[in-house]
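In what follows, a single structure is set out as structure tokens and then discussed.
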Amino acid sequence: MAEPAWNADKGMTLTEVLVALAIVFIVFLGLTESGLVALEYNIQNLLREEGVRVTDAWIADSRSIPFATLNGMIAANPTVEPPVDINRRVRNLNWPYRITRTLTRLNPDNIQISIDVTWTRSGRTFFHQATAIVRSP
């Protein structure tokens, strides 16, 4: 009678090799999936950080506009300007961001500026908003 493979010095059987390969394959699939999830969150974080940078730049630019000019830009209260589409480079890809500026006259001496930035990733829309108040000199 032949000895079992684990008692013989002849090596592993084909069945043992296939079972070992199947186990390695299943472990590899799990590691691949966790790597893809980590990559997806990393890209979402990079896009959000870029959206925050875009919002901050637009708030800074809007705050540098003289009060009289802002006051003249308000046609209705609130005034929503047409959206502006820009592309920013994120991970060597041009990513579209849509910026909307809203001007609201709070009283004769104060104007509120709201900047909304939106972007889309994997069918979901994300946004970031910042608000500033400009006072009459």
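Using only Cα coordinates, the Kirkwood hydrodynamic radius of the stretch 18-94 works out to 17.1 Å.
Between Ala132 and Arg98, the simple label model (points 7 Å from Cα in the Cβ direction) yields a spacing of 2.4 nm.
About its Cα centre, the dipole of the stretch 17-137 is roughly 120 debye, where the only charges are +1 on Lys and Arg Cβ and -1 on Asp and Glu Cβ. For the chain, the longest principal axis of the C-alpha atoms and the axis of helix 14-63 are separated by about 10°.
Annotation: the residues Ser64, Ser136, sorted from fewest to most other C-beta atoms within 10 Å of their own C-beta, follow the order Ser64, Ser136.
Per residue, the convex hull spanned by the alpha carbons of the stretch 64-129 comes to 104 Å³.
If one puts a single equal scatterer on every Cα of the chain and applies the Debye formula without solvent, what log₁₀ I(q)/I(0) results at q = 0.16 Å⁻¹? Debye intensities relative to I(0), on a log10 scale: -0.88.
Applying both filters, DSSP loop and at most 16 other Cβ atoms within 10 Å, to the trypsin sites (Lys or Arg not before Pro) of the stretch 60-137 gives Arg91.
None of the figures in this text is laboratory data; all of them are computed from the coordinates on show. All values derive from a computational prediction rather than experimental measurement. Counting neighbours? That spans all protein chains shown, and the Cβs are built from the backbone with ideal geometry, glycine included.
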